[in-house]
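See below for the structure under consideration.
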Amino acid sequence: MSSNIPDYADVQAMDTFPKVLAYNARNWGNDVAMREKEFGIWQEFTWKDYNDRVKWMTLGMRALGVGQGDVVGIIGENRPEWVWAEISAHALRGMSVGLYQDSLHEEVAYLITYSGARILIAEDEEQCDKLIELGDDIPTVDHIVYCDPRGMRKYDDPRLLDVEKLYEMGRALEAKDPGLYDKMVVDTRGDECAILCTTSGTTSKPKMAMLNSGDFLDHCAAYLRADPKYPGDDYVSVLPLPWIMEQVYVVGQSLISRQIVNFVEELETMMEDLREIGPNFVLLAPRVWETIAADVRARMMDSTPFKQKMYDVGMALARTALDNGGHSKLADIILMSALKDRLGFTNLRSAATGGAAIGPETFKFFHAMGVPLRQLYGQTELCGAYTIHQPGDIDFDTVGVAFDNSEIKVINTDENGVGEIVARTSGMFTSYYKNQAAYDEDVRDGWMHTGDAGYFKEANKHLVVIDRMKDLAETSTGVRYSPQFIENKLKFSPFIAEAVILGKDLPFLSTMICIRYS
């Protein structure tokens, strides 16, 4: 592990989430671990608070009969209780499965039933309504624990339980057997499955990748060597926690590096909350970066002639300096410093995007602003990202280079060197839950076949990801193209919200455009 970053947790000695959490609570118990904005006020939780909540939740679930091998389902917005529930599942030597809160009822029922979840941790009344309506479609569920009691008094479903009552049950069990939780933590094993992480389900119903906590933590440590975080750094959690990359940051990297995780009040208040925290690192989806860039340009178009001129001059200076491999201090003075402050990006040491392709023009826009944006690439099955751009080695058309624990190959290449990307990492999944056949199809000779088309740039050995192999298309004249690449180019315009390219087996390309009205 990188020697210039002190006090990192040793993931070889502490190979489970509860072990690392307990270590942090013992040594830095009074340091802030998390913040949650509620009713406009940031509430802080120390590492001791964090560990206590996990302990009480773990013992409370044990009192309900939840134990080794059981599955704990979690549904709701990004909140501290989401993370506490996940680590509690691991302390029980069970498994967690995160459910997207905007999932359709049918998909929620499928994932709960397929995983065999016995207990569900739900955020609030909205999520409880969804679960209760499923009725007999989720026969494995014995308990539904809700974290926000507002509006819950009118319910009489016997499975419902307030999280405060669960904590109370946990404290009662702790009083009866004071050493029980510590023994449970010691008994946790890094070679056991801890997370059932759902895949995208683009070709069928979502599969569940089985991830061991030891491999997960080892992969997070490799990521930290590629992009270091420091104790006390601020990270703002925005993307859904069921997504593997958000768990990498909020659970794995936070536990190892002790960066502070900040949970925004609502997605609608994200930009305001970002400015209040001034994070050192953010991970946002490509669409969010594209929206921020488009909003900045749209606002400048509506501003005064003087401000428009200052923006045009500042951006021109910044782009010229960027093209020459430098940075314009004058652009900072007249534009960029104020712009970054308004967006909450002043303290950023690193920023990332992943989960889909981002257009090169959007990438360049933020680098011209001085935002150190980097592209990630990975899959759920490989514990999320395993490539990243290194500082001073940014190529706007690529996804960077592999982590030191990862290997990548491009196989079955055509005359242009384009082929399928295959990879393997120390954080690889062990199988798909209850679906060994799908695992055997995707993993051959130890390599994960991603289904993505790409190639390596000869000049810098960076990986270029083009599109899904199945989504590449040809015109009737034999010209091969990636619809996604062209669509991302179009969406850089402040007037275009979405674009769809049409042209397969036609002599020309055309597009359908959704206009951005605000």
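Based on C-alpha coordinates, I'd like the Rg and Dmax of the stretch 472-518, in Å.
That works out to 11.7, 39 Å for Rg and Dmax.
So, in nm, how far is label VAL313 from label GLU44 when the simple model puts each one 7 Å beyond its Cα toward the Cβ?
Taking the simple label geometry, VAL313 and GLU44 are separated by 4.3 nm.
With a 10 Å Cβ neighbour count serving as the proxy for reagent exposure, in which order, fewest first, do THR362, THR199, THR269 appear?
Going from sparsest to densest Cβ surroundings: THR269, THR199, THR362.
How far apart, in nm, are two points set 7 Å out from the Cα along the Cα-to-Cβ line at LYS154 and at HIS105?
1.7
Once R0 is set to 45 Å, what does the formula 1/(1 + (r/R0)^6) return for the Cβ-Cβ distance between ASN30 and HIS449, expressed as a FRET efficiency to the nearest 0.05?
The formula returns an efficiency of 0.40 here.
Between ALA459 and ILE132, how many nm apart are label points set 7 Å from Cα along the C-beta direction?
Roughly 6.1 nm, to one decimal.
Based on the Cβ-Cβ distance from LEU506 to GLN12, what FRET efficiency comes out when R0 is 56 Å, to the nearest 0.05?
Calculated transfer efficiency: 0.50.
Grab the Cα-Cα distance for SER303 and ILE515, subtract it from 0.36 nm times how many residues apart they are, and report the gain in nm with one decimal.
Full-extension gain reported as 74.3 nm.
Of all the Cα-Cα pairs you can form in the stretch 1-77, what percent are over 17 Å apart?
62
Once the piece of chain linking ALA172 and LYS470 is laid out straight, how much longer is it, given 0.36 nm per residue of separation minus the C-alpha distance between them?
101.7 nm
Quote the FRET efficiency, to the nearest 0.05, computed for ALA356 versus ASP187 with a Förster distance R0 of 35 Å and r equal to the Cβ-Cβ distance.
0.30
Sorted from largest to smallest, which semi-axis lengths in Å does the alpha carbon gyration tensor of the chain give for its equivalent ellipsoid, taking the root of 5 times each eigenvalue? Mind dumping the intermediate values first?
Numbers: eigenvalues 302, 149, 112 Å².
Over the Cα atoms of the chain, the semi-axes work out to 39, 27, 24 Å.
Bear in mind that the values in this text are calculations on the coordinates, not laboratory data. Here the structure is a predicted model, which is why all the values come from computation and not from measurement. For neighbour counting, all protein chains shown are included, and Cβ atoms are generated from backbone atoms with ideal geometry for every residue, glycine included.
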